[in-house]
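Throughout, read-outs are computed from the coordinates displayed, never taken from laboratory work. All values derive from a computational prediction rather than experimental measurement. Quick reminder, even Gly has a Cβ in these numbers, built from the backbone with ideal geometry, and neighbours come from all protein chains shown.
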Amino acid sequence: MKRKGEEKKLLDLFERLPPAQQEVLIAFGEFLATRPPNADEPGVEPLAIPRPAGETVTMAIRRLVRTYPMLDRRKLMREASQFMAQHALEGRAAVEVIDELESVFARHYEMHKVR
């Protein structure tokens, strides 16, 4: 019963957002939901997924999530959401935001390795 209420609340929030922010909300949901089961196992190395030309910020987040399956997305969420907002709401260039996101993921990976 509670789940239905949460689903309705999420749908209501989604419907009140403009299309650009709806895309951001979907990207964040995918970002949080795609954690592989072996993500916390030691020794997992980043995958070599190249950055395609013309990549969007949403596509970059998806690529970085797949590149770094060992990282806890909850820890990355705050920083990633700030960059998504800068792009979607403030008009910051996608290339700059993607560069920053790559740095954030790499930094979190380096911290993950020393744990």
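Details
- Per-pair calculated FRET efficiency, R0 = 30 Å: residue 17 and residue 53 via Cβ, rounded to 0.05: 0.55
- Listed residues 56, 104, 67: farthest to the positive end of the dipole of the stretch 18-113 (Cβ charges): 67
- Angle between the chain longest axis and helix 57-67 axis [Cα atoms, degrees, rounded to 10]: 40 degrees
- Angle between the chain longest axis and helix 2-16 axis [Cα atoms, degrees, rounded to 10]: 80 degrees
- Length-normalised contact order for the chain - Cα pairs under 8 Å, 6+ apart - percent: 25 percent
- For residue 111, the shell of other residues with beta-carbons less than 13 Å away shows a net charge of +1, using +1 for Lys and Arg and -1 for Asp and Glu.
- Surrounding net charge for residue 15, when Lys and Arg each add one and Asp and Glu each subtract one, Cβ distance under 12 Å: +2
- Rounded to the nearest 20 debye, the dipole size of the stretch 18-113 about its Cα centre is 180 debye, using +1 on the Cβ of Lys and Arg and -1 on the Cβ of Asp and Glu.
- Counting only alpha carbon atoms, the long axis of helix 94-113 and the longest principal axis of the chain meet at about 60°.
- For residue 44, residues with placed amide H under 5 Å, excluding near neighbours: none
- Cα gyration tensor shape of the chain, rounded if a/c is under 1.5, else prolate or oblate by comparing a/b with b/c: oblate
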